[in-house]
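J.: Structure provided below as structure tokens; questions to follow.
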Amino acid sequence: MQDHLCELKGIYKEYAATTALKNVDFHVDGKEICALLGKNGAGKSTLIKIISGVISPTKGEMYFKGKQVKAFNTKNAFEQGISVLYQELHLFPNLTVKENMFAGRLPMKNGIVNYERMKEEAQKILESLHIKIDPDTSAEQLSTVEKQLVSVATAISRKAELFVFDEPSSILSMKELRVFYKSIRKLKEMGKGIIYVTHSLEEIQVIADRVVVLRDGMKVVDDLLKNMKMEDIETSITGKRKKDKVRKIGNAIIKKGKLKVELKNIWFRSVLEDINLKFYENMVYCIYGLEGSGKKILGKILFGDLKPTKGKIKIDGKLIRLKSPSDGIHNGVGYMVDERANEGLLLNKSISDNIILPCFEKVKGKIFLDSKKIDKLVYKRIDEIGIFPPKASIMVNELSGGNQQKVLLGKWLEIGFILVLVDPTRGLDIETNRKVIDLIRKFRKGRVIIVIPSEIEDGLAMSDWIVILHDGKVMKNEEITAKTNKRELLKLAGLEF
Amino acid sequence: MRIIFFKKSCISFKVFLGKFTKNFKMSFREKPLLFLSYFILGSLFIWMCGIPGFLTVENLYILLHRIVHLGLVSIGMTLVIITGGIDLSVGSILALTCSLTGYFQHWGTWYGYIGQGSFIAPEPVILLMILGVGGLVGMLNGFASGIGIPDFAVTLGTMIGIRGAAYAITGGMKTFGLGPMTNNIAKGSIGNVPYVFFVLVMVLIFISVFERKTAMGKSIYAIGENPRVAKLSGISYLKTKMMVYIISGILVGMAGWILAGRLDTGDPKVGVGLELDAIAAVIIGGTNLYGGFGGVEYTIPGVLIIVLARNLMVLYGVSSNVRLIGIALLLLVFLILQRLFRRK
């Protein structure tokens, strides 16, 4: 027991209906980066919540620095030196970096805050992590990765021993990740223990020492990375033998249809410059660019959420003006947002209510909504997309992330013949990711699907055509073939290697 | 043959009973707040039956009128609150419509014919005009909040302004003596049940169908829960907001007209603090003050509880100076209970 920094033994966690964890043993040492993998709902977040004291286990023991943890609460865990860095970061935007780091325990001198000492100490910690941030900048000016790093520095100044990172990669870009990894390695050298939750197999190759995989609440793999093959890890996550890889690039069985949407000389303030694009039916288009390239704004313009400064949009050869999202919807444009919880779904409403939200017209009787029509439509979608559990009256917030994503997709299928999907695979595990890609391939018939992914791999896997945007200009506009070179595309998008 | 029939009926009765208890359990698990308010209402009623003076015809008749008065206002308020708004102007709209009802029936006051009725239009048309005035103020509220001004600020403005208009138009004076139709409808009754009670029931049925069976009803909930999601689903914020405020205004107009008829007076001083009673009724019912959850079926027990609680204090001889504290305590108890009962 003395060997491990943190150890959990025989942990069970039972909720009213389900058992989230079954007899899980887990440990982390100092000077170790332990990657925690698993599907959505495999029990990763439950395990982390137990470690950080948010919830207490039904059965089982936890030891931290050799001492048994009796009371599971966040304050206790925090004081003992367990620090969890969630995706949403809690910095005070109006305070400076140094004030954020010492919030709640400002160094005092004669009853007045001692800013010099505070700055000195902040500087020392930031330097030890090789973070190049001025402690006097205010927190709202920081980029996402800098915010993450400041949180790490804060935790160090509070003498944290164990760091838990909850899917940091899903909110950081590739460039930012590299900076982030550097600091994490530094952290490891300092002798801290690190638990790194992630979906990405590529990521663990770069960073992890040891891999723990959870599946259906049980630990299925716990081994050093160097002893393992990537394929084995993947198999153990999904629990299935891997079949064929994702769709082979370029297999267009459905033929390119007629011209559906045409963008002519679209300008948007200084973000988009003279965009000319044509979209044909039965095709999946991928619009890729780095953050700030204007790809999301282009999507919003198509939907009517933003008005272009200049330019024309033609749908089915007719010139149309999109002034608001409802105009977009009337013209058959569906827009699947990436912010599922904030902008996509009504979490406290049922699946049925969410699916019929944009298409009341379709389920209307003479005056009232026709409940038979609603049921028919909703169950059609549930079957088609494979939402689980297949029950229309279930609240969306009771569904897993993957199923919520499916509801979000299902919402637009009835009226959307031009679907704009922003990051449709965000935060999904490998298996659900594939399912969503399959669905998108399936639904392209008779539709134009425009995907705006955050990772180019996802985009290439599901699309027939790629458009690369860089600084608001189209850099490339061509069909995806077997020859398409990912590296070249990324270079065009402005990524430096 | 008979035995088989008996057995069959026994079984069907059991099934019926089983369904009933199952539904009952379901409703408690799924709608604990609704259950809570009906439970408290029931116990309050049983308690009050034991107090002498409660179960008299006069008392119940007055209570029914009170229920209609607060009920009409609270139904509109419920819709507004479901969209995440709040309507502070209901008391003032009541005052305006009540005083205008009198004023429109004594139009001659302008020309010096004081003391005798002189109608601006036939009485049914006056009723429509009054409802129109309520709807117009509601439209103003709805438009301003629909373009993004906070509901609280907008309706605070109309609350002050419309009360001011009521005073300005009437010169702060009451108008006595209203027309026969107004009087008859507001005061008349079938047996001991006032006509206006049936008006309330009709409004109730109409609104509860509206809120769950129409596209607009669904939009109201969607906007209350998350306006951004609603907008991105093609729902017009402005239209929906205007709709709920107009409905609220019309219902308050109706309450104002009825009040004028019942008092036989057009009075610009009525309805002070009415918005607070209506909001309290909505909250006690369990409708979420932040929007997105609730409904008129929640508000009705809320209205009944407030009316009964006030009556309880009257029957026990609590001074009118102290009654507000009683309502406040009631509200507090309910908020705490709702916190405990809320589904996790």
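J.: Can you say whether A:T484 is more than 19 Å from the chain's Cα centre (by Cα) and polar (S, T, N, Q), as far as the supplied structure shows?
T.: yes
J.: Being surrounded by 22 or more Cβ atoms within 10 Å (Cβ to Cβ), of a type in the set (D, E, K, R), touching a residue at least 12 places away in the same chain (Cβ under 8 Å) and farther than 30 Å from A:K229 by Cβ is true for just one of A:K98, A:K192. Which residue is that?
T.: None of the others qualify; the one that does is A:K98.
J.: Pairs please, first residue from region B:165-193 and under 20 Å from B:I62 (Cα atoms) and in contact (Cβ under 8 Å) with a residue 12 or more places away in the chain, second anywhere and loosely packed, with under 13 Cβ neighbours inside 10 Å and hydrophobic (A, V, I, L, M, F, W, C), Cβ atoms under 6 Å, 6+ apart in sequence or on different chains.
T.: The qualifying pairs are B:N192/B:V57.
J.: Sticking with this structure for a sec: Would you mind stating whether B:I283 is part of a helix (DSSP H, G or I) and either closer than 22 Å to B:F39 by Cβ or of a type in the set (G, A, S) (or both)? Reasoning before the result, please.
T.: Details: part of a helix (DSSP H, G or I): yes; either closer than 22 Å to B:F39 by Cβ or of a type in the set (G, A, S) (or both): yes.
Here the answer is yes, as B:I283 does meet what is asked.
J.: With respect to the numbered conditions (1) farther than 22 Å from A:I415 by Cβ; (2) in a helix (DSSP H, G or I), which one is the sole condition not fulfilled by B:R228?
T.: Here B:R228 clears every test but (1).
J.: Follow-up. Taking the conditions exactly as written (under 22 Å from B:S145 (Cβ atoms) and among the charged types (D, E, K, R)), does B:E297 satisfy them or not?
T.: Working: under 22 Å from B:S145 (Cβ atoms): no; among the charged types (D, E, K, R): yes.
Against the criterion (under 22 Å from B:S145 (Cβ atoms) and among the charged types (D, E, K, R)), B:E297 does not qualify.
J.: Go through (1) free of Cβ contacts under 8 Å to residues at least 12 places away in the same chain; (2) more than 14 Å from chain A (Cβ to nearest Cβ) for B:L274 and report which single condition fails.
T.: The one condition B:L274 does not meet is (1).
J.: Could you check region A:342-354 and list, in sequence order, the residues that are touching a residue at least 12 places away in the same chain (Cβ under 8 Å) and either facing chain B (nearest Cβ under 10 Å) or touching a His at 6+ places or on another chain (Cβ under 7 Å) (or both)?
T.: Start the filter on region A:342-354 by keeping residues that are touching a residue at least 12 places away in the same chain (Cβ under 8 Å), which leaves A:344-352, A:354.
Once the filter is applied, which keeps residues that are touching a residue at least 12 places away in the same chain (Cβ under 8 Å) and either facing chain B (nearest Cβ under 10 Å) or touching a His at 6+ places or on another chain (Cβ under 7 Å) (or both), region A:342-354 yields A:G344, A:L345, A:L346, A:L347, A:N348, A:K349, A:N354.
J.: Cβ-Cβ distance below 8 Å, separation of 6 or more or different chains: which pairs start in region B:205-220 with a residue that is farther than 15 Å from B:I246 by Cβ and end on one that is surrounded by 16 or more Cβ atoms within 10 Å (Cβ to Cβ) and of a type in the set (D, E)?
T.: Pairs found: B:S208/B:E297; B:K218/A:D353.
Matching residues to (1) at pLDDT 95 or above; (2) within 14 Å of chain A (Cβ to nearest Cβ):
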position: B:F210; (1), (2): no, yes
position: B:M216; (1), (2): no, yes
position: B:P227; (1), (2): no, yes
position: B:G234; (1), (2): no, yes
position: B:M242; (1), (2): yes, no
position: B:Y245; (1), (2): yes, no
position: B:L251; (1), (2): yes, no
position: B:D264; (1), (2): no, no
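J.: Quick one: which helices (runs of 4 or more DSSP H) sit completely within region A:89-195 and have at least 3 residues that are under 26 Å from the mean Cα position of the chain (by Cα) and of a type in the set (A, V, I, L, M)? Break it down into steps so the answer makes sense when it comes.
T.: Numbers: elements: A:97-101, A:115-128, A:144-157, A:174-189.
Result: A:144-157, A:174-189.
J.: Quick one: count up the residues across region A:264-294 that are assigned to a strand (DSSP E or B) and among the hydroxyl-bearing types (S, T, Y).
T.: Within region A:264-294, the first condition is being assigned to a strand (DSSP E or B), and the residues that meet it are A:264-268, A:272-280, A:283-288.
Adding the requirement that they be among the hydroxyl-bearing types (S, T, Y) leaves A:280, A:285, A:288.
Qualifying residue count, region A:264-294: 3.
J.: Moving to a separate point now. Of everything in region B:131-161 that's free of Cβ contacts under 8 Å to residues at least 60 places away in the same chain and not in a helix (DSSP H, G or I), which residue is surrounded by the most Cβ atoms within 10 Å (Cβ to Cβ)?
T.: It comes out as B:I149.
J.: So, in region A:355-385, of the ones that are more than 9 Å from chain B (Cβ to nearest Cβ) and either within 25 Å of the chain's Cα centre (by Cα) or among the aromatic types (F, W, Y) (or both), which residue ends up nearest to A:R426 (Cα to Cα)?
T.: That would be A:I385.
The values are calculated or read from the model by the stated rules, or taken from the named source; none is laboratory data. The structure displayed is predicted, hence computed values, not measured ones. Backbone-built Cβ (ideal geometry, glycine too); neighbour counts: all protein chains shown.
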